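Each remark here refers to the structure printed beneath this line.
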Amino acid sequence: MKEIFCAVIGIVGGVVITFFGGWDSVVAALIVFMAIDFITGLIVAGVFKTSKHGKGGLESKVCWKGLYKKGVTLLICLMAAYFDRLLGTSFILNAVAIGFIASESISIIENAGLMGIPIPTQLKEAIAILKSKSKEGIK
């Protein structure tokens, strides 16, 4: 059973990475940052019983919602990889993934702050500026 499971994971992973045009360091970094954000989010909710949204505790709906968001993030990166292929470039995926890495980094730092880890004032101010700029861009 273990061998079948590992084989299925390997095949699915290989197919997904093929769609991205190969295993790229920026895609690997994005996946690592997503995993760190997910884990720190679970710690904040499960251990510290708090969240960025004022509620607290682990909720399966919130967890699934976060996983869906991360899945759509990867789909957007997949679109960027195909734009690179269509245009014969190699920078669109990198730019999109780096933007998402920045977003994941902000979320990780917020999670660390919710855990009580002291965050430097300058970093808090930079995050506040980035958040306000991103909200202005969404309108």
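Results, tabulated for the structure shown:
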item	result
DSSP H segments from the chain that extend 30 Å or more along their own axis, Cα-based, with Kyte-Doolittle mean of -0.5 or above	25-46, 60-87, 92-114
Student exercise, the stretch 2-77 dipole from Lys, Arg, Asp, Glu Cβ charges, in Debye to nearest 20	420 debye
Cross-link table K52/K131; K61/K124; K2/K61; K70/K131; K49/K133, entries beyond 24 Å C-alpha to C-alpha	K61/K124; K2/K61; K49/K133
The chain, dipole about Cα centre (Lys/Arg Cβ +1, Asp/Glu Cβ -1), debye to the nearest 20	520 debye
Spin-label model distance (nm) - K49 vs I31, 7 Å beyond Cα toward Cβ	3.7 nm
Enclosed volume per residue, in Å³, of the convex hull spanned by Cα atoms of the chain	148 Å³
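Every number in this text was worked out from the coordinates using simple rules, so none of it is lab data. What you see is a predicted model; the values in this text were computed from it and never measured. Ideal geometry is used to build each Cβ from the backbone, glycine not excepted, and the neighbour counts take in all protein chains shown.
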